[in-house]
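The values are calculated or read from the model by the stated rules, or taken from the named source; none is laboratory data. All values derive from a computational prediction rather than experimental measurement. Heads up, the Cβs are rebuilt from the backbone with ideal geometry, glycines too, and the neighbour counts pull from every protein chain shown. Note: areas computed on protein heavy atoms with side chains; ligands, DNA, RNA excluded. Shrake-Rupley method; radii C 1.70, N 1.55, O 1.52, S 1.80 Å.
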Amino acid sequence: MDLLLHLSIVIAIYSIFALSLNIEVGYTGLFNFGHVAFFAIGAYTSALLTLQGVPFSLSMIAGIGFAGAAGFLIGIPSLKLQGDYFGIATLGFAEIVRMILQNQVAWTKGPMGLPGITRPELFSWRFDTLPEYLVLALGAAILTFLVIGFLTLSPFGRVLKAIRDDETAAAILGKNAFACKMKSFVIGSLFAGLAGVLWAHYITFISPGDFTLTETILVLLIVVLGGKGTLLGPVVGAVVLIFFQESLRFLRLPPEWSSILGPLQQMVFGLILVLLMIFRPEGLIREKGKEKIDRD
Amino acid sequence: MKKLVVIASVVSLLVWFSVAPVRAAEDIKIGAAFALSGSIAVYGEGFKKCVDLAVEEINAKGGIKGKKIEIVYEDNKSNPKDCVTAVRKLITVDKVPVIFGPAGSSNFMAAAPVAQESKVVMLSAQGTAEKLTQAGKYIFRIIPSNSKQGQRLAKMAFDMGYRKLPVMYINNDWGLDLKDGFVTSFKKMGGVVTDIIPFDEKKTDYRTELLRANRGNPKAIVNLTYINEGAVQFKQAYEMGVKTQWLCGSAARAPKMVELAGKAAEGIMGTYPSVVQDTKAYQAFKAAYKKKYGDDKIPIFGDYNYDLVYLTARAIEKGGYTAEGIRKAMPAASKGYKGVTGDKTFDKDRGMQKADIGIWIVKNGKIEDYKK
Amino acid sequence: MIEIRNVTKTFGGTRAVADCSLNLEGLKIAGLIGPNGSGKTTLFNLITGLVRPDSGEITFQGKRIDGKLPHHMAALGLIRTFQLSRVFPRLTVMDNMLIAPQRQTGERLLSLLFQFPKVRMEEANHREKAVELLDMLGIIHLHDQFAGNLSYGQQKLLELGRAVMAEPKMILLDEPTAGINPRLIQTMKDMILKMKACGQIFFIIEHNMDVVVELCEKIFVLDHGEKIAEGSPLEIQNDPLVIEAYLG
Amino acid sequence: MDSLPYYLQTVLNGVLAGCIYALFAMGLTLIYGVLNFVNFAHGELIMWGAYFLFLAISEPFALPLYAAIPVALVITALLGAAMDFAVFRPLRQANRLTLLIAAIGLSFFLRNAAQLFWGAEVQTYGFEIRQGYQWFGLYLTPQQLAIIVISVICIIGVYLLFFKSRMGKSMRALADNLDLARISGIHTERTILSAWVISSLLAGVGGILLALDTNLNPEMGVTNLIKAFAATLIGGVGNIWGALAGGIIIGLAENIAVLFISPGYKDAVAFVIMVLILLVRPYVVIGERRD
C-alpha cells in the first residue's frame, strides 16, 4: 500500500511538473529543454531555507518565487530566440544552474547534497506520513490543474496558442508576443518551482545529480505522450508513464536481466517517442477542435 | 482514444496486482536495492556476484536456523529517485526487515530516510560519505568513512616526503568528501595544498586540468578519481609528458583502470579501505569466488558485500527475523566478528571503528599491496 | 489615412522598394497592383512594421509609424492579411475570430483574476459579433473546426473576418482573392463592399484586375519597387506605362 | 614547465577540443540548413561512428585500421541515411517540435542500443599509449596531429562541396527556401539525402578521432553534442563558417578558462559565452520569417 501511495505522490508531483512544462511547450510553443532548472531552483531554495529553520510556508513561497524570478531573468535573452534555438539556450541555462549547485559548495553543499530536509508543516498541519503527504501533493496538483486550466481556457490562453501557431500573425493582431511568451515562461517556471519544493520535502534528500537533462526529457516525454496543448494530457502522461515504468518491477524478472532491461527500457521509450511522432504526434489526448475535414 | 488510456491503465494495474509476489513464509528474505542498470551498473553487478556467493555458502551450510536466505534484488537504476522507489517496494511489497542499500553515497542518502521512517534496517557495504548513517539508528555501514581514508592518504603523502601538492578530485559526493578529508589532514601535518582542481565525470578530455595540476612540475599529484576518468587522465598525462607520482583514492583501484590506461598506470599509488589479503578467510573467499565465477578478479568492494551478508545473517540469528531484532542485535553480532575484510565491530555511529586503510600500487600492470 | 513618403528598402543589394511615395488620404478603398516581385508585399511589410525602411517616412493619421513594432500597429488601428493566409491552424475557427479584438481585458493576467465578470461579458459580446461575421462569410457551420482544416479559400475568408473583428481603422488585404474559387471571390467582394458601406477603409493588393476595378477608387501601380502610376481604375487601365510593365 | 609552453599547450588543447566541436557543429548545421531542425540524434551518429570502428577492428572482423576506417564511415553514413528514411522522411511536413522530439527519441534508442551491446563501460581501441612528440616544449601525439589535419581537410572539403559544387548549390537553395527549391526543379529528396550522408560522415570522422584520442563510451556523443549546440548558436544559425568559429571559440575559451577559474565550471564557459552573444547580438539567431 505504501508503495502505491509513494507512486501516487510521485505521479502528483510529476503531474505538476508536466503541467508547468505543457503551458510552455504545448500552449505557447516554447521548446524549453531546461525546465529541470526551475524544478531544481524550487527544490534547493526551499530545502536550504527550511534547513536554516525558516517555516515551510515561507520557504515554499521563496522556492516558487525564486524559480519564477529565474524564469524571468533567463527569459530576457533567450525568449528572443526561435524554436529549437530557444531550446538550446534553455538547455545551456539548466546546465549553468546545475553547475552552480554542484560547485558553490559553500551555499549548496555541492555534490554532497542536502540530507535531512524536513517534511512540511503548513498552518499547523503536518504532512509527515505518506497519506498526509499525498493529500498535500494532490492538493497542489489539483490547484495547479485548476489554475493552468483557467489560464489556458481564458483569452490569455488563446493568445498563447495563437503565438504558438504563428507568432507573426499574432503580432499583426496586436499581441505582444515577447511579453506573452515571458508570462507563459514565468508561469511555467513558478509551477515547476512548486513541483521542486514538493519533491525536495518529500524525498528529503536532494543533490545536483537529480536535476539533469534526463529529467527534462522525462517530463517532456510525459507531456508529449499525454498530449501537448491539452489540459488532461500531462496528467494522463504522468500516470501512464510512471505506472508503466514501475510495473516492470513486478514482472519478477531475474535480476541478471536488469543490466539488459535498463537500456532496453530506454530503447523502448525512444522507440515509443519516435513512433508516436510519426503516427500520433498529438499524443494520447487530442487538442479540442474537430479534426474531420468538411469542405464545401 | 480514451479507450487507449483506459486500456493502458488497466494493463498497468493488472500487471501490478497479478504479479505481486506471494510471500513464502519459510524463507528469510533480505532486500537489496542495487544498481543493476544505469551509470554505475558496473559496480552493482560485482556486488551482486559476491552477495550471491555468500548466500549460497550460508544456505549450503543449512541457512539460518534451518531457514534459507533469499535475496530480493531491486534495481535502483543508479539514481536517487529510483533508489527511493526500490527501497519502498522492498519494504511494502516484499516486506523485508533488512535491506542492503544502494551504492553511491547520494543514492544511499536519498533512500536512508525511507528505511529509517519505516523502521527497517538498511546497511551499506561501500558508502564512505561522512554523514552516511546520520539518518537514524536503523542505518549501518561496514566500511570506514572518507575522513579516515583522507587521513591515511595525507599521512602517506607526508611520509613519502611530499610537502607541497596539488589536489585533483572528481566533482561528486565521494570525491569532494575525500578531498576535504585529505586537505584537512594534510594541512594539519604542515603540508601545503598548492591547487585544488575539481573535474567533471564522464569527460573525454582532461588535458588542461592536468596541465594546471602539473604546473611547476610537482613531485606528486593527488588525484581522487574513478576508473574511467582515471584511465583517461593517466593516459593524457603520459602523452603530455607529465612525470609525477600519482596518489589516488580507493575508487581508482580497479583492474579495469589499469587495463584502460596501460603503461601510463605504472607506478600509481593510492589508499583504500584495506583488507589484509593473506588471511585464511580472504584466501578462502577468493578461492570460492574463483570456483563459482571462474576468475579471481574480485570486484571492487565485492569483499565488503560478502561480509555484509554474513554479518546480517549473524544478526538475524541473534536477534530474530524482525527489523527491531536485527537492529538491536547488530552491535553484538558485529563485536569481534572477523570478516574477510577484517574486524567488523560497529562504533557508536553505526560505522566502522577500526579502519584498516591500506596502500596499493600498480606494478607490472597489476594492482598490488604496497610494501616498503 | 496613410501617407508614404520617399520610402526605400534594400535587400542584399536589390531595391525592393525604391523611393516610393503614396498618399491614401481620403480614400475608402485603394488598390495596389504591379507585376510579381514589384515590391507590393514589401510595401505592406513596411507599413505593418514587419520590415523597417532604410529611409523615408510612413505616417498614419498624421503620426509617424515607421520603426514601430508590428504589435503596435494593430493598436493604432492597422490590420493586415497575408498573401498566403495565416490563420492559426490549431485554433478553432471561433477562436481565430475571438483573438482579434484589441485590448481584451481577459488577456491581461491581473484583470483576468480581478475583473472576471467583465471578461465574461466581453467574451459574450465578441462571440455574438463573431457569429454574425462568420455567418456573413458563410463559414459559421465550421466554427468548432481547427482553422487548419479549412480549405484555402475558407481560410482567406476567415482571415478577412478576423481582420474585421479587430475593428481597425484600416485593413490591408494582400491578394484576398488569389487562388480561391469564383464563388468565394464573390463572397469576399460582397464582404468588402458591405464593410465599406459601414465605413471601413481598405488598402488592397490584388492581381485580379476585375476585382480591383470593381472595388477600388484609386489604384497605385508599382514596378521594380517604384511607383509608375496612380489614378482611377479607368486611367490605370489605359496607362501605357502600366501596360508596358505588365507585358514587358 | 615554464610559462610560455604552459599557455601554448593550453591553446593547443583548446584547438584540439575546438576542432572536434567544430566537426560536430558543422554536421548539425548542415542538417539544420536543409531541414530546419536541430538533430538531437547527431550525438549518436558520433558515438556509433566510433563504435563501428571498434567493431570493425575487433574480433571476428579484425580489420586493419586503414581498411576499418572507411568501412566504419560508410556504415555511419548508411545509419544516417537510414535515420532519415525511417524517421525524418515520414515527418517532412511535420512541425519542428515533432521533428525535435522524434530526434530525441531516436537518440535515446540509439544510445541505449549501444549500451545494450557494449555495456556502459569504457572501451578503447587498444592502441599502445605513447608519449607525444615534443616540439618547443609542446606535446603532440600522432592522434592529435591527425585531429587537426583531418579537421582542416574536412573543413576544406565541406567548403568546396557547399560553395563550389552543384550539390552544394542545391543544398543552399534548399536552406533558403524549401518550397521554392522544389518548384525550381531541385531534387529535394536527393539533396536532403546527401546532406544526411555528409553530416553523418562528419559525425563519424569526429567520433573516430575523438575515440582514437581518448576512448569510447555510449555517452561520448551527448556530452560533446551539447557543446556543439552552443557552438552553432554562437556562430549563427545554419552557417558553416559560424559553426567552425563557434567550435574553436568554445574549445579555446573553456580550456583557457580552466587555468583561471575553478575547473568545476569548465562546462559552463560555453554557455556563458552563448548567453553573452545572445545579449549582444540577438539578431544573429532571429530571422526565419515566412514572408
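Numbers below:
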| quantity | calculated |
| --- | --- |
| Along principal axes, Cα extents of chain D, largest first, whole Å | 61, 53, 35 |
| Charge tally in the Cβ shell below 9 Å around B:GLY339, where Lys, Arg are +1 and Asp, Glu are -1, B:GLY339 excluded | -1 |
| Quotient of C-alpha Rg and 2.2 N^0.38 Å, computed over the stretch A:2-212 | 1.03 |
| Geometric extent, Cα atoms of the stretch D:51-133 - Rg, Dmax (angstrom) | 16.7, 52 |
| Amide hydrogen neighbours beyond the local backbone of C:VAL51, cut-off 5 Å, H modeled | C:LEU46 |
| Karplus 3J(HN,Hα) series, Hz, for the stretch B:134-142 with 6.51 cos²θ - 1.76 cosθ + 1.60 (x for Gly, Pro) | 6, 5, x, 7, 8, 10, 10, 9, 10 |
| Proximal aspartates and glutamates relative to A:LYS109, as straight alpha-carbon distance under 16 Å, when same-chain residues fewer than 8 apart are discounted | A:ASP210, B:GLU130, B:ASP173, B:ASP177, B:ASP180 |
| Cβ-derived FRET efficiency at R0 22 Å, D:ILE261 paired with A:ALA69, nearest 0.05 | 0.30 |
| The stretch B:69-159 - Debye-derived log10 I(q)/I(0), Cα point model, q = 0.12, 0.26 Å⁻¹ | -0.38, -1.32 |
| Beta bridge orientation in the protein assembly as shown: antiparallel %, DSSP, nearest 5 | 45 |
| Whole-Hz couplings from phi, Karplus 6.51/-1.76/1.60, listed for the stretch C:42-48; x for Gly and Pro | 4, 4, 4, 4, 5, 5, 8 |
| Accessible area (Å², per residue) of chain C, counting only protein heavy atoms and a probe of 1.4 Å | 41 |
| Whole-number percent relative contact order across chain C, with pairs defined as alpha carbons under 8 Å at least 6 apart | 27 |
| Estimated distance in nm for a label pair at B:ASP278 and B:LYS371, the labels positioned 7 Å out from Cα along Cα-to-Cβ | 0.5 |
| Buried area at the A-C interface (accessible, heavy atoms, 1.4 Å probe, summed, Å²) | 3300 |
| Among the listed pairs C:LYS169/C:LYS218; B:LYS81/B:LYS155; B:LYS155/B:LYS243; B:LYS290/B:LYS318; B:LYS290/B:LYS363, those beyond 26 Å (Cα-Cα) | B:LYS81/B:LYS155; B:LYS290/B:LYS318 |
| Total accessible surface hidden between D and B, rounded to 100 Å², 1.4 Å probe | 3400 |
| Accessible surface, chain B, averaged per residue in Å² (probe 1.4 Å) | 37 |
| GNM result for chain B, Cα springs below 10 Å: residue of B:TYR238, B:TYR138, B:TYR272 fluctuating most strongly | B:TYR238 |
| Carbon + sulfur, % of accessible area of the stretch D:30-137 - ligands and nucleic acids excluded, 1.4 Å | 65 |
| Selected from A:ALA94, A:ALA200, A:ALA169 as most flexible by GNM, with chain A as the system and alpha-carbon contacts under 10 Å | A:ALA169 |
| Chain C, dipole about Cα centre (Lys/Arg Cβ +1, Asp/Glu Cβ -1), debye to the nearest 20 | 840 |
| Interface burial for A against B (accessible surface, 1.4 Å probe, total of both chains, Å², rounded to 100) | 3900 |
| Amide H contacts under 5 Å for C:GLU206, placed H, 5+ residues apart | C:LEU32, C:GLU175 |
| Kyte-Doolittle mean at least -1.0, axial Cα span of 20 Å or more - DSSP H helices of chain B | B:2-18, B:41-60, B:173-188, B:302-319 |
| Inter-site label distance for C:GLN61 and A:LEU143 at 7 Å from Cα along Cβ, in nm | 4.5 |
| Over chain B, equivalent-ellipsoid semi-axes from the Cα gyration tensor in Å | 38, 24, 19 |
| Estimated FRET transfer efficiency when R0 is 51 angstrom, pair B:GLU259-C:LEU69 (beta carbons, to 0.05) | 0.25 |
| Accessible carbon and sulfur surface of the stretch A:2-212 relative to its total accessible area, %, 1.4 Å | 72 |
| C:HIS207-D:TRP241 pseudo-label distance in nm [points 7 Å out on the Cα-to-Cβ vector] | 3.7 |
| Cα centroid separation, the stretch B:264-318 to the stretch A:151-183 (Å) | 64 |
| GNM top mover of B:ARG163, B:ARG253, B:ARG215 - chain B, alpha-carbon springs below 10 Å | B:ARG215 |
| Cβ-Cβ FRET estimate between D:VAL280 and B:LYS338, R0 fixed at 56 Å, reported to 0.05 | 0.25 |
| Mean projection area, nm², convex hull over Cα of the stretch B:99-240 | 8.9 |
| Loop-located trypsin sites (Lys or Arg not before Pro) in the stretch C:76-172 whose Cβ has at most 13 other Cβ within 10 Å (DSSP) | C:ARG103 |
| Size-normalised alpha-carbon gyration radius of the protein assembly as shown, reference 2.2 N^0.38 Å | 1.03 |
| Under 5 Å, built H, 5+ apart or other chain: amide partners of B:ILE64 | B:ILE69 |
| Helix-only mean residue ellipticity at 222 nm for the protein assembly as shown, each DSSP H run of n ≥ 4 adding -39500 (n - 2.57), per residue, nearest 500 | -18000 deg cm²/dmol |
| Phi to ³J(HN,Hα) by Karplus 6.51 cos²θ - 1.76 cosθ + 1.60 over the stretch A:51-57, Hz, x for Gly, Pro | 5, 8, x, 6, x, 4, 4 |
